[in-house]
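The values are calculated or read from the model by the stated rules, or taken from the named source; none is laboratory data. Here the structure is a predicted model, which means the values were calculated and not measured. All Cβ positions, even for glycine, are placed from backbone atoms using ideal geometry, and neighbour counts span all protein chains on display.
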Amino acid sequence: MDKFLSFLGIVRKSGNLEVGYNKCEEAIKRNELSLVIVSLDASDNTLKKFNNYALKYNTRIIHDFKEEILGTSLGYDSIKVVGIKNRRMSRNLISIYDTDSKK
């Protein structure tokens, strides 16, 4: 998962990352996100809401990582929801995630 979190940092530096519940909610409603990552610490309502958005807007969702780990990899204390805007970067992240989770 280190490779995944490192690449997520690259996505942030490229400007293709939305951070936080409200920004991700607005972006997914505008169909700008191709991947949403929800931390394990997020509330059930948050997870349910973003799962519904993911179905509605055909967006992949990953529910993994503690909020501190997700936040630290992006230079914050903690983060519960992040969204990736660039489709190519999203595909790379999904590929890394799927490969790492099979190990």
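Miscellaneous remarks
- Test for LYS49: is it free of Cβ contacts under 8 Å to residues at least 60 places away in the same chain and of a type in the set (Lys, Arg): yes
- Evaluation of THR99 against the conditions (1) of a type outside the set (A, V, I, L, M, F, W, C); (2) modelled with pLDDT under 95; (3) outside any helix (DSSP H, G or I) shows that the sole unmet condition is (3).
- Annotation: ASP77 fulfils all but one of (1) surrounded by fewer than 17 Cβ atoms within 10 Å (Cβ to Cβ); (2) modelled with pLDDT of 95 or more; the unmet one is (2).
- Which numbered condition ILE94 fails, given (1) without any contact (Cβ under 8 Å) to a residue 60 or more places away in the chain; (2) over 12 Å from the mean Cα position of the chain (by Cα); (3) in a helix (DSSP H, G or I); (4) surrounded by fewer than 17 Cβ atoms within 10 Å (Cβ to Cβ): (2)
- Of everything in the stretch 32-83 that is polar (S, T, N, Q) and closer than 18 Å to ILE94 by Cβ, the residue that is farthest from the chain's Cα centre (by Cα) is ASN58.
- Residue within the stretch 60-71 that is buried (at least 16 other Cβ atoms within 10 Å of the Cβ) and free of Cβ contacts under 8 Å to residues at least 12 places away in the same chain present: yes
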